[in-house]
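In what follows, a structure is listed as structure tokens, so that the remarks can point back to it.
All of the numbers you see were taken from the coordinates with simple rules; none came from a lab. These numbers come from a predicted model, not from an experiment. Note: ideal-geometry Cβ built from the backbone for every residue, glycine included; neighbour counts use all protein chains shown.
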Amino acid sequence: MLLAIDTSAGTSVAVVDGPDRVLAQLDEPDTRSHAERIGTLIAAALADAGVTPREIDAVAAGLGPGPFTGLRVGIAAARAFALGIGRPVVGVPAHEAVALDRPGPVLVVTDARRRELAWSGFGTASDSALASGGGVDARLPRLVRGPELVLAADADALFAALAAESGPLAGAERIDAPVIPAGPLGLLAERHRTAGSASSVLEPLYLRAPDVTLSAGPKRVTA
């Protein structure tokens, strides 16, 4: 069993059993209460699934894209939980979870704030070289483009143009996700583990530079 945590939009926690079964999932759409809610949601998800922390085999963390503060709460929680039970942690791009098991090409969209949207384009399984082998590998989303930022005012025109073009995003469905569901995130992590493509690198996907940066040298002090 695997515990999945995502805080790239709202907060979502889930427990999954294998690559196709979600035992429990709890969501909090508020984007400003990650730190306050994450512990409660983890405990509640485990209780709803009827499992103890020691029964968890691995922990999955959503890597975004998303705002800095929200992302680091979920990743830190996943690291801490995995360390506490002595289990591995898996990093999963959050937009992949929304695209999981979609029948056609999709454009996954999340709020990046500052009047911008974060988006990723995914092709169908038939577009993927993995599909030729069948099995669980064929059910991994295929990233075609992104993640990228777009001004909210320009998004409709961009997505309409992408869907109208020939190619892997032709006819793509737009999916706006207010919360990244941790259930599909966990299923995706389990499929990556089965396929041997799981990554333990927890590098957040930030699409803009931080507001505060370190200076190049020591600050000059004058009397």
| task | Determine the dipole magnitude for the chain: charges of +1 sit on the beta-carbon of Lys and Arg, -1 on that of Asp and Glu, nothing else is charged, the reference point is the Cα centre, and the result goes in debye to the nearest 20. | result | 780 debye
| Residue farthest toward the positive end of the dipole of the chain, with Cβ of Lys/Arg at +1 and Asp/Glu at -1: which of 74, 12, 93? | 74
| Antiparallel content of DSSP bridges confined to the chain, in %, to 5 | 70 percent
| task | Name the long-range amide H neighbours of residue 144: under 5 Å, sequence gap of 5 or more, or other chain; modelled H, no Pro or chain starts. | result | 121, 122, 123
| task | Find the Rg to Rh ratio for region 22-111, where Rh is the Kirkwood radius over alpha-carbon pairs and Rg uses the same atoms. | result | 0.97
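How high is the relative contact order of region 2-195, in percent, with contacts defined as C-alpha pairs under 8 Å that are six or more residues apart?
Working: 453 pairs, mean separation 54.6, N = 194.
Rounded, it is 28 percent for region 2-195.
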| said: Along the charge dipole of region 2-195, pointing to its positive end and built from +1/-1 on Cβ of Lys, Arg, Asp and Glu, which listed residue (158, 2, 180) has its Cα farthest out? | reply: 2
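Rounded to whole Å and sorted largest first, what semi-axes of the equivalent ellipsoid does the C-alpha gyration tensor of region 1-65 yield via the square root of 5 times each eigenvalue?
Working: eigenvalues 76, 33, 18 Å².
Sorted largest first and rounded, they come to 19, 13, 9 Å.
Order the peptides 34-43, 56-65, 162-171 from the highest to the lowest mean number of other Cβ atoms within 10 Å of their residues. Walk me through the numbers before you get to the answer.
On the way: 34-43: 17.6, 56-65: 25.3, 162-171: 14.6.
Listed from highest to lowest mean packing, they are 56-65, 34-43, 162-171.
Grab the beta carbon distance between residue 57 and residue 176, set R0 = 35 Å, and tell me the FRET efficiency rounded to 0.05. Intermediate values should be presented prior to the final figure.
Details: r = 32 Å, r/R0 = 0.93.
FRET efficiency, residue 57 to residue 176: 0.60.
Can you order the peptides 180-191, 15-26 by their average number of other Cβ atoms within 10 Å per residue, highest first? Could the numbers behind the result be given before it?
Working: 180-191: 27.9, 15-26: 18.8.
In decreasing order of mean packing, 180-191, 15-26 become 180-191, 15-26.
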| request: Measure off 7 Å from each Cα along the Cα-to-Cβ vector at residue 43 and residue 160, then give the distance between these two points in nanometres to one decimal. | output: 5.0 nm
